[in-house]
Amino acid sequence: MKKTLRNGFLLAGICSIFLISACSNGTDNVSNSEPYDQAGKEHFLVLTNDTVADVSLENLIKNNASMRAAGSINSNPGIEELFESNAIKENSDYENIINVNIDDPQLIEILRNSDRNADPRLKMNANILPQKPLFTASEVGNTRNFWCYNTNMSSNNELVFTLKAIGQKCQIWFCNATDSHEEPDITNEQFNSLAASLDQVFEHEMAIFGSNIIEAYSNQLINAPQGTKLNVLIYDICGDKNPPQGQAVVGGLFASKDLFLQASLGNDIKSNECECIHADSYLLKKDIDKNSKFITSTLLHEFQHLLNFVNKTVKISNNPVYATWYTEMLSMCAEDVFQTQLGLQDNDSPKSRLATFAAAYYDGFRNWRDSTGNPNDVLKSYANAYAFGAFLMRNYGGVNLINQIATNDTVDEASISAALAALGYKEDFYSVLHKFGNAIVFPTEADKLNLNKNVIQDFSGVRYNLTAINLMNYGNLVLEANLPAYYDYKNRIKKVTVGEQEMTAIYGPIILNKGYYPMANLGSAGTFVTYYGAVDSKPEITLPEGITGITQTIIIKE
């Protein structure tokens, strides 16, 4: 599923910074009394959280003796509110501003662990059930019951569907409306168009992310031989129709339980016993009315989840269970890979998440946020995981790298390390994560490690184009009272007009000046950049006692 903050917007701005970088883990910092060849140059201190836990930035920075010596510590009221701000849509009168309809769906996929990953009780090592043939439909107009997700995200809601379109690779099912379950008006021609769009890419997606074939890995699973078509279930997920602006909503999902035979699950979990993914009918209707393809991109996202489950948990002998950040990163990279091929606009792609990344890259992505806290915190996890995946593809092998990650026999951090090694890079997950900070400080320079690279690449007979991403095209509102806290360069901070109100916005990744900090945690795999200015020795933060696993990197501006 995908969730989205409906009042997300997009800013455009152009700015360039000419910088070079130098790295340090904090162990080789030069004291003020020693010669230092970078003295007098502007420095940025980058902290990266290598641990699997959140670490308080307040503990790291505010209470740090080195920071206190370097400059006063400011805890301006409201700085923490920066990280709760929304991206902005400006008037078209402003140069380089992209207008985005705030009603455009920006959805984030959510799959619960109980649905996404095989329950430990269902490990695929027991040959106790007879294998049954895969369900197939004979013609358009056939009906079948499917288990769907209701308002409580329970999958035990059975609805009747009619087959509306049969593609070469997919079957499109639409839920029958009833007095208690309304559905929007969508024509057969429009369902045929959706099937045709998916047919363009499903074979190519499997070439990159692995096959959907399920053989006799376990008699607990459905049979999915060569040529199996994907069932796409279109219905009003959660029964919310058009939810209020600003709320996070569900747009699509894949549930691994549907690949299991019902007899292997008992009565509490209901399987559709076929390869299927779900998408929201009202969002599809909005796409049709707006001539956009967000749901098409969402279905590619969900199909990757299915392929990921088949090629990692099903096919690998030890049946690994992967982390949420890992499969979500791969799914958003799938959307990125096929964006040009499908002719998707940026606001219909994962790029729509980058304003959130610009404001909240500190939050990381390995500690995946969920609805137990702020329901929109998960937006930060999606944004940060996508930005990291986009960074990897544009700097370390493009489609070849994502293919290696998706199809090797490991998962999570080890999978990325193995993929880098397979392509000949002298890197691992942690080394590239530490270099990810360069994309914060060098958002526009194509010769630096960042997202601003256009990668054109042939893979398995298909040409792909990963377009360059200029993070200076994305921005957020900031509070006027907090302006001294923000690093500014070449007018990154500007006045904008929202409606009839003049406000202040900052473009690109937000960097705080020395002495300021957000009231927030440094999340797992999160990054925090502080601008120190021109100094005579390397900035250093001495970690409080008991805190380890924070890597320090010094980036120098020429």
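What the phi angles of segment 308-316 give under the Karplus curve with 6.51, -1.76 and 1.60, with θ = phi - 60°, is a coupling list of 4, 5, 5, 7, 9, 6, 7, 7, 7 Hz, glycine and proline written as x. Database remark: amide H of residue 520 closer than 5 angstrom to the amide H of 57, 58 (H placed geometrically; neighbours at sequence offset of 5 or more, or on other chains; Pro and chain starts carry no H).
In this structure, the amide hydrogen of residue 464, modeled 1.01 Å from its nitrogen in the peptide plane, lies closer than 5 angstrom to those of 457, 458, 459, counting only residues at least 5 positions away or on a different chain. Full extension of the chain between residue 321 and residue 341 yields a length gain of 4.1 nm, computed as 0.36 nm times the residue separation minus the alpha carbon distance. Only protein atoms count toward the accessible area here, which uses a 1.4 Å probe; on segment 306-353, the carbon and sulfur part of that area reaches 40 percent.
Annotation for residue 53 and residue 481: the two label points, set 7 Å from Cα along the Cα-Cβ direction, are 3.4 nm apart. Rounded if a/c is under 1.5, else prolate if a/b beats b/c, else oblate: with a ≥ b ≥ c from the C-alpha gyration tensor eigenvalues square-rooted, which is segment 294-440? Note, shape of segment 294-440 comes out rounded. Sorted from greatest to least, the principal axis extents spanned by the alpha carbons of segment 197-331 come out as 44, 36, 28 Å. Structure note, pairs 41/495; 351/494; 270/315; 257/286; 448/557; 257/293: Cα-Cα distances above 18 angstrom occur for 41/495; 351/494; 270/315; 257/286; 257/293.
Classify segment 396-546: rounded, prolate or oblate, from the alpha-carbon gyration tensor (a ≥ b ≥ c, eigenvalue square roots; a/c under 1.5 rounded; otherwise prolate if a/b is larger than b/c)? The shape class here is oblate. Remark: segment 444-538 carries 38 Å² of accessible area per residue (probe radius 1.4 Å; ligands, DNA and RNA excluded). Any idea how far apart residue 370 and residue 536 come out in nm if each label point goes 7 Å out from Cα toward Cβ? Inter-label distance under the simple model: 5.3 nm. Amide H to amide H distances under 5 Å link residue 260 with 222, 273, where only residues 5 or more positions off or on other chains count and H is placed in the peptide plane.
Accessible area per residue (1.4 Å probe, heavy atoms of protein chains only) ranks 321, 314, 498 as 321, 498, 314, with the largest value leading. At a 1.4 Å probe, what is the % contribution of carbon and sulfur to the accessible area of segment 420-523? Ligands and nucleic acids excluded, carbon and sulfur give 50 percent.
Sorting 174-182, 347-355, 44-52 by their mean Cβ neighbour count within 10 Å, with the most densely packed peptide first, gives 347-355, 44-52, 174-182. Filter the GluC sites (Glu not before Pro) in segment 415-516 to those in DSSP coil with at most 14 other Cβ atoms within 10 Å of their Cβ, and list the result. Passing sites in segment 415-516 are 500. Once the 1.4 Å probe is applied to the protein heavy atoms, segment 275-404 comes out at 21 Å² accessible per residue. For trypsin sites (Lys or Arg not before Pro), the sites in segment 434-521 that DSSP calls loop and that have at most 16 other Cβ atoms within 10 Å are 490.
For the pair segment 311-354 and segment 477-530, the centres of their Cα atoms are 29 angstrom apart.
The values are calculated or read from the model by the stated rules, or taken from the named source; none is laboratory data. Note that the structure is a prediction, hence the values are computed from the model and not measured. Heads up, the Cβs are rebuilt from the backbone with ideal geometry, glycines too, and the neighbour counts pull from every protein chain shown. In case anyone asks, the SASA skips ligands and DNA or RNA and just uses the protein heavy atoms, side chains included. Shrake-Rupley method; radii C 1.70, N 1.55, O 1.52, S 1.80 Å.
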